[in-house]
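Notes to accompany the following structure.
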Amino acid sequence: MPIKMILDCDTGVDDTMAILYATLHPEIDLLAVGSVWGNVDAPLATRNSIHAVEMCGRGDIPVATGAAGPVNQRAQDIAYHVHGRDGQGNRGTGRPVGPAAPGTAAEQIVRLCREHPGEVEVVAVGPLTNLAIALGLDAELPTLVRGVTIMGGAALAPGNVSEVAEANIWHDAEAAAAVFNAPWPLTMVGLDVTMRTLMGPEHVARLEAGGTIAQYQARIMGFYMDFFARESFGRPLSCMHDVVAVAIAAGTLVPTLAPVVNARVDSTDGPGRGQTLCDLRGMYMGYPAQEGAHCRVVLESPADFGDDFVDLLVNAGDAAIDVSEPA
Ligand code: BDR
Ligand code: CA
């Protein structure tokens, strides 16, 4: 049976990969998508999410708009410098898409988890604002989900927006703290693995030789890869961040090291703000069970996942909508 999934994303380039993967993969039943601010503003994240499901001929998958900013209302930067002004590496179609679903992304999470108790994996790959709001709407939510998987945090790896903080946690540290403190099974797919799961020019070449879904993905990756060339790797490589979390949530990518430990988020205003503090002190004894621990921290997973992703997109053929670049 495919895994029922709700995907919550701030739809930039790697979020688009995540939506395409979740929509196309036969082992995932994507019930709905929620948008959130982060890489782009929330309305643009909604538009890009709808565009991605429509590409796959799945405009029936509801996409609800979520939070426009963090729970504490502090002003925050939007990551246009990473994902482009359109969140699609400045190479999107810009064309209108179908309407958003009624209600908010948080309401949608609560409603679908109530409709399918114990069955839905909620996967959040942007700031955790919608999940924190959903917790506030329904205190029983932790008992209703199958689990929660996030792309976010860094256990042993350095941060990507500060020395220690990863962007999705940093953008709404208060929301992230609430999500880590809630008593649900949480899987943290952080920079420990996502900075090591990469696509390079050889993957792009294979995508360019595929149908229009694969070609679209190849086209929007250029700007994103240039960012990583400048900031991280010195050569054009793309971190697959969000799609790695989706695949681990679905069990289509199986971690090779993922201890269940106590974990919390620094939401103070000190230099550690946004850090995910994972208690890995037992590592020298093989990570013995910790009382009350409910966070599975993914530390290692197969790095060649890019090949699987490319295979899925190439086999998907042509998009159901016109994805050509406007003249
Ligand atoms: C995360 O931040 C965003 O830019 C990406 O989409 C990913 O979710 C990586 O830190
Ligand atoms: Ca994201």
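The values are calculated or read from the model by the stated rules, or taken from the named source; none is laboratory data. Small disclaimer: the values here were computed from a predicted structure and weren't measured. Backbone-built Cβ (ideal geometry, glycine too); neighbour counts: all protein chains shown. Calculation scope for accessible area: heavy atoms of the full protein, side chains included, ligands and nucleic acids excluded. Shrake-Rupley method; radii C 1.70, N 1.55, O 1.52, S 1.80 Å.
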Dimensions (Å) - the chain, Cα atoms, principal axes, largest first: 57, 44, 42
Leaving out ligands, DNA and RNA, what percent of the accessible area of segment 1-158 is carbon and sulfur, probe 1.4 Å? 54
Any chance you could run the full-extension gain for R264 through E300? It's 0.36 nm times the residue separation minus the Cα-Cα distance, nm to one decimal. 11.0 nm
Between helix 212-228 and the chain: long-axis angle, C-alpha atoms, 0 to 90°, nearest 10: 60
With all protein chains present, how much of the accessible area of segment 220-327 (probe radius 1.4 Å) comes from carbon and sulfur, to the nearest whole percent? 51
Suppose each label sits 7 Å from its Cα in the direction of the beta carbon; what would the L156-R95 distance come out to in nanometres? 4.7
If we sort 164-173, 317-326 on the protection proxy, mean other Cβ atoms within 10 Å, highest first, what's the order? 164-173, 317-326
Once both labels are modelled 7 Å past Cα along the beta-carbon direction, what's the D318-R58 spacing in nm? 2.1
Over segment 102-221: Kirkwood hydrodynamic radius from C-alpha pairwise inverse distances, Å: 16.1
Mean separation of Cα contacts under 8 Å (6+ apart) over length of segment 203-327, as relative contact order %: 35
Where T65, T256, T187 fall by accessible area, highest first, once all protein chains stay in place (1.4 Å): T256, T65, T187
Separation of the A327 and N181 label points, Cα + 7 Å toward Cβ, nm: 5.8
Relative contact order (percent, whole number), the chain, Cα cutoff 8 Å, 6+ residue spacing: 20
Cα centroid separation - segment 82-107 against segment 220-234, whole Å: 21
